[in-house]
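What follows is a set of notes on a single structure, which appears directly below.
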Amino acid sequence: MVDQSNKPSVYIGLQKKYESNHLFFNICYGLEEEGIPFDSYLSEDNVNQIAQDAAQKSRLGVGIAVGDDNQIVIQHKKMDVDSPFFKKKIDKYFQAKIMGSNAARLVKGIPIKEISQEDDYYTVSESEIHKENNPITKNTENKTADSNSENKEKLDSKKNKDFRDESDAVNEITKLVMQALKNIENSN
């Protein structure tokens, strides 16, 4: 019989009050989306130490900690306890999902995602739904449709350029960190 207690997984260490928190659940969703298994445990240490312990427990070499006023720390087992791979105070739940995804990406050795301030999903407001179905507002909107579409194209173009700039920076940072980890591994 195979011992499943030490299967390859990312460990998530939680301070007690985060045991049933949405941050924890969203981190799990991010890991699941990337196809990386996880396991969790409770601890009373500070988040940096919890992350370091989680990374040391993980056969994949990556650990996550949640605690200390909504901070999430991603740690690699070869990095110093006071210099984690990534540390951020999370304000929104979708950001915790991205942090889980980034931990999985560290395991895979692929570029991490940017932690955005806005959710990537667009939600249509109730007023927009009523405008689409209202023939009176539909007719008045047609008159300004051309100028609105020009403004939208300019805004979309700027957003795409900003996203490419941020994406290039994230990819470059990820490459540097991965190279540093390889150098550490080669020196041992």
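The values are calculated or read from the model by the stated rules, or taken from the named source; none is laboratory data. Everything numeric here is computed off the predicted structure, so don't read it as measured data. Here the Cβ is made from the backbone with ideal geometry for all residues, glycine too, and neighbour counts use every protein chain on show.
Would you mind stating whether Leu31 is at pLDDT below 95 and either part of a strand (DSSP E or B) or crowded, with 19+ Cβ neighbours inside 10 Å (or both)? Here the answer is no, as Leu31 does not meet what is asked. When every residue of the range 48-56 is checked against the conditions, none turns out to be at pLDDT 95 or above and not in a helix (DSSP H, G or I).
Would you say Ile64 is touching a residue at least 60 places away in the same chain (Cβ under 8 Å), outside any helix (DSSP H, G or I) and assigned by TED's automatic domain parsing to the domain that holds Phe86? So Ile64 does not fit the description; no.
Scanning the range 67-105 for residues that are without any contact (Cβ under 8 Å) to a residue 60 or more places away in the chain, among the hydrophobic types (A, V, I, L, M, F, W, C) and surrounded by 24 or more Cβ atoms within 10 Å (Cβ to Cβ) returns Ile72, Val73, Ile74. Screening Ile112 against (1) in contact with a strand residue (DSSP E or B) (Cβ under 7 Å, 6 or more places away or on another chain); (2) closer than 22 Å to Asn183 by Cα; (3) of a type in the set (Val, Ile, Thr); (4) at pLDDT below 95 leaves a single unmet condition, (1).
Hey, any hits in the range 9-18 for a residue that's charged (D, E, K, R), in a loop (DSSP other than H, G, I, E, B) and surrounded by fewer than 20 Cβ atoms within 10 Å (Cβ to Cβ)? No, the conditions are met nowhere in the range 9-18.
The sole residue among Leu106, Leu181 that is at pLDDT 75 or above and assigned by TED's automatic domain parsing to the domain that holds Tyr18 is Leu106.
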